[in-house]
Amino acid sequence: MLNIVVCVSGGGTNLQAIIDGVKEGKIRNTKIVGVISNNTGAYALQRAEDAGIPAFCISPKNFESREEFNEAFLKQLKELNPDLIVLAGFLVILPEKMIEVYRDRIINIHPSLIPSFCGTGYYGLKVHEAALTRGVKVTGATVHYVDEGTDTGRIIMQKAVDVLEGDTPEVLQRRVMEQAEWIILPKAIDQIAFGQRVK
Ligand code: GAR
């Protein structure tokens, strides 16, 4: 059984895709042992609660310094003792210590085809705004391992999505979620749970 912790910051639609994937048997051999948010107002926390999953909010605002926040975050993770950490719309720079402790055991979903539109400053809607500004005709999503860089870790899975005439960032974001993110993130977890080699 693969025990996973999902880290979130916002709406949590990717978290929902994981919850549903486990329930429907699309993600096999996996248990969500906890959800951690850095944001008190994240709707993702409600989704976790509705699904009966232990949910924790660890906000930097409640700590004197970044170091203290990092320590509290790492402590919570250690208590949950996950085999895999899934960053599902988690908009926090991870402490280096966390990457060291959980090397090759942290994955992230990014809403573009890496190496396009990724790295510092590219998150959420900004990614889709940049794709539309550049005028690409195809975008998509990427699941990758997390290393010390921003969106630089080994790629696990990608899926392409068409950009259509008249797309707004919001419309494109939704299509990328529906046609790519909510499919490849559960699939990647399922593969990892089965110890399949991910190239
Ligand atoms: C998703 O589109 C995810 O790919 C993106 O944030 C959104 C979170 O939505 N992540 C990043 O941009 C990370 N660089 P959600 O809370 O509904 O899953």
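Values for this structure:
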{"quantity": "Under the Karplus curve 6.51 cos²θ - 1.76 cosθ + 1.60, θ = phi - 60°, whole-Hz ³J(HN,Hα) for segment 118-135, x wherever Gly or Pro sits", "calculated": "9, x, 4, x, 9, 8, x, 4, 4, 5, 6, 4, 5, 5, 5, 4, 6, x"}
{"quantity": "Mean Cα-pair separation over length for segment 68-130, i.e. relative contact order, pairs under 8 Å, 6 or more apart, %", "calculated": "29"}
{"quantity": "All lysines inside 26 Å of Lys26 as judged from Cα atoms, apart from same-chain residues fewer than 8 positions distant", "calculated": "Lys159, Lys187, Lys199"}
{"quantity": "Selected from Gly34, Gly140, Gly121 as most flexible by GNM, with the chain as the system and alpha-carbon contacts under 10 Å", "calculated": "Gly121"}
{"quantity": "Normalised contact order of the chain, rounded percent, pairs of Cα under 8 Å and 6 or more residues apart", "calculated": "22"}
{"quantity": "Share of carbon and sulfur in the accessible heavy-atom surface of segment 21-139 [1.4 Å probe, %]", "calculated": "48"}
{"quantity": "Value of Rg to Rh for segment 115-176 (Rh from inverse mean 1/r over Cα pairs, i.e. Kirkwood)", "calculated": "0.97"}
{"quantity": "³J(HN,Hα), Karplus 6.51/-1.76/1.60, whole Hz, each residue of segment 149-164, x for Gly, Pro", "calculated": "x, 9, 6, 9, x, 4, 7, 9, 7, 9, 9, 8, 9, 6, 8, 10"}
{"quantity": "Cα long-axis angle, helix 13-23 against the chain (0 to 90 degrees, to the nearest 10)", "calculated": "70"}
{"quantity": "5 angstrom amide H check on Lys31, placed H, neighbours 5+ away", "calculated": "Leu2, Asn3, Ile4"}
{"quantity": "Euclidean distance between Cα centres, segment 1-47 to segment 162-176, Å", "calculated": "25"}
{"quantity": "The chain: angle of helix 182-193 to the longest principal axis, Cα-based, in degrees nearest 10", "calculated": "50"}
{"quantity": "Over 19 Å [Cα-Cα, segment 5-147], rounded percent", "calculated": "54"}
{"quantity": "Surface accessible to a 1.4 Å probe, per residue, for the residues of segment 99-199, Å²", "calculated": "51"}
{"quantity": "Under 18 Å from the Cα of Lys61 - aspartates and glutamates, other chains or at least 8 residues apart", "calculated": "Glu71"}
{"quantity": "Test item: Cα-centred dipole of the chain, Lys/Arg +1 and Asp/Glu -1 on Cβ, debye", "calculated": "500"}
{"quantity": "Nonlocal amide H pairs with Asp147, under 5 Å, H built at 1.01 Å", "calculated": "Thr152, Gly153"}
{"quantity": "Crossing angle, helix 66-80 versus the chain [Cα axis fit, 0-90 degrees, rounded to tens]", "calculated": "80"}
{"quantity": "Principal axis box of segment 45-84, alpha-carbon based, largest edge first, Å", "calculated": "32, 23, 12"}
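The values are calculated or read from the model by the stated rules, or taken from the named source; none is laboratory data. From a predicted model like this one, the values you see are computed outputs, not experimental measurements. Virtual Cβ from ideal backbone geometry, glycine too; neighbours counted across all protein chains shown. Remember, those area values only see protein heavy atoms, side chains included, never the ligands or the DNA or RNA. Shrake-Rupley method; radii C 1.70, N 1.55, O 1.52, S 1.80 Å.
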